[in-house]
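Novice: One structure is given below, represented as structure tokens, and several questions about it will come after.
What follows is calculated from the coordinates using simple rules that are stated; it is not laboratory data. Keep in mind that what you see is a predicted model, and the values were worked out from it rather than measured. Every residue, glycine as well, gets a Cβ built from its backbone with ideal geometry; the counts of neighbours run over all protein chains shown.
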Amino acid sequence: MIRYVLLVILLLSISSPVFANPGNFEQAKVTLKQIYQGHERTFYCDCAISWVGRSGGRVDHQSCGFEVYAPRGTPSEATLARAARSEVEHIIPISWVGKQLKCWQNGGRKNCQQQDPLFNLIEADLFNLTYAVGQINGLRADLPFGMVGQEFSGQFGRCDIRIDTKQRKVQPKADIRGDIARVAFYMADRYNLKLSRQDQQMFLAWHSQDPVSEKERQIHQRTAMQTGRNNPFVTGEKSWQLGFATSGIGLTAAGWDNRNDTQVAKVESSSKVTGPIHANRNSKIYHRPDCPNYQSMAPANRVIFQTISEAEQQGYRVAANCPAI
């Protein structure tokens, strides 16, 4: 695990991300496709995906034994069409975070997308995105994870996921439960998402029972290269415990104080910057993309931040030869 953490840190220090952090969900869909090149499978059912267009795909049901769920008999054409395509899924429902923001209370998801840049960044967080069969994505909606009765076994053929819409629970297959737990810890820590004690206990058990797999490492490494940061619960830099004190770094780095739902003044400077911040770990000086010495520092000394606020919170100061913004 230590070697893996060092490898990710080294890769981040010597490489600039191929893509900037997506600013909204539509941009994230396009970027996610690049991350999953060579891993074209759905998350819950492990169905093969054939890419179609910029961000979509078709699902091969035979590759995973998926069967369309039709509790009332013959499925409708709309149901069949949705089951045939892949969709980008938020592992931790975006509504769980969105409901904490004022924009959601004043008009839901659409209003947040139109009015709140912070929400758009959270909705586009690549660590929380994956691919699902469209029907699974639709039925799952924002239902929480948990254990579901045996009567739902075989609900989707050989796809081992159970969705109980009446009891509002979704039970994923055992070999991705740890993946889900580590995403839940990341989202809770980064965005001050409140997890109930029961959910924390369940996710801790899942994390223990399903350690990080090689595929999870590969997807995480690609995502880290895109974003310039890690999921510290995958790399082992952080370890969740009951009552874990969340950092809210994603809210602070974006220039927001989520507890008061007010915008912080620091957002004015970071909003004008496009691209990651390069900082020198020795001099504690940072350079924006518009600074003359942005690419001049030795790769071994380079630390990458996504915003000015993140760099300044870690004690870095702007280079004297950077233009005023």
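Novice: How large is the charge dipole for the chain, taken about the Cα centre, if only the Cβ atoms of Lys, Arg (+1) and Asp, Glu (-1) carry charge, to the nearest 20 debye?
Specialist: 280
Novice: Output the 0 to 90 degree angle, nearest 10, between the alpha-carbon long axis of helix 197-209 and the longest principal axis computed from the alpha carbons of the chain.
Specialist: Once rounded, one gets 90 degrees.
Novice: Any chance you could get the radius of gyration and Dmax over the Cα atoms of the chain, in Å?
Specialist: My reading of the Cα-based Rg and Dmax gives 20.6, 70 Å.
Novice: Calculated FRET efficiency, SER153 and LYS102, Cβ-Cβ r, R0 51 Å, to nearest 0.05?
Specialist: Here the calculated transfer efficiency is 0.75.
Novice: Normalized C-alpha radius of gyration of the range 272-325, against 2.2 N^0.38 Å?
Specialist: It is 0.97.
Novice: Return ARG217, ARG168, ARG140 ranked ascending by Cβ neighbour count within 10 Å, so the fewest neighbours appear first.
Specialist: In increasing order of surrounding Cβ atoms, one gets ARG168, ARG217, ARG140.
Novice: Trypsin sites (Lys or Arg not before Pro), restricted to the range 170-209: which are DSSP loop and have at most 13 other Cβ atoms within 10 Å?
Specialist: Qualifying residues, ordered by number: LYS194.
Novice: Taking the chain as the reference, fit the longest principal axis to its C-alpha atoms, fit the long axis of helix 177-191 to the helix C-alpha atoms, and give the angle between the two in degrees, 0 to 90, nearest 10.
Specialist: The two axes meet at around 40 degrees.
Novice: Just from its helices, what would the mean residue ellipticity at 222 nm be for the chain, if runs of 4 or more DSSP H residues each count -39500 (n - 2.57) and the sum is divided by every residue, rounded to the nearest 500 deg cm²/dmol?
Specialist: -10500 deg cm²/dmol
Novice: Over what distance in Å are the Cα centres of the range 192-250 and the range 110-154 separated?
Specialist: What the calculation gives is 17 Å, centre to centre.
Novice: I've got another one for you. With label points built 7 Å along Cα→Cβ from the Cα atoms of SER196 and CYS322, find their separation and express it in nm.
Specialist: Label-label distance for SER196 and CYS322, simple model: 4.4 nm.
Novice: Report, to the nearest 10°, how far helix 25-35 tilts away from the longest principal axis of the Cα atoms in the chain, using its own Cα long axis and a range of 0 to 90°.
Specialist: Between the helix axis and the principal axis of the chain, the angle is about 90 degrees.
Novice: May I ask you to list the lysines whose Cα is less than 25 Å away from that of LYS166, ignoring any residue fewer than eight positions away on the same chain?
Specialist: Those lysines meeting the cut-off are LYS99, LYS194.
Novice: Assuming 0.36 nm per residue, please report the length gained on full extension of the stretch SER76 to THR165 beyond their Cα-Cα distance.
Specialist: Result: 30.1 nm gained on full extension.
Novice: Now for a separate question. Based on DSSP, what percent of beta bridges with both residues in the chain are antiparallel, to the nearest 5?
Specialist: The antiparallel proportion sits near 90 percent.
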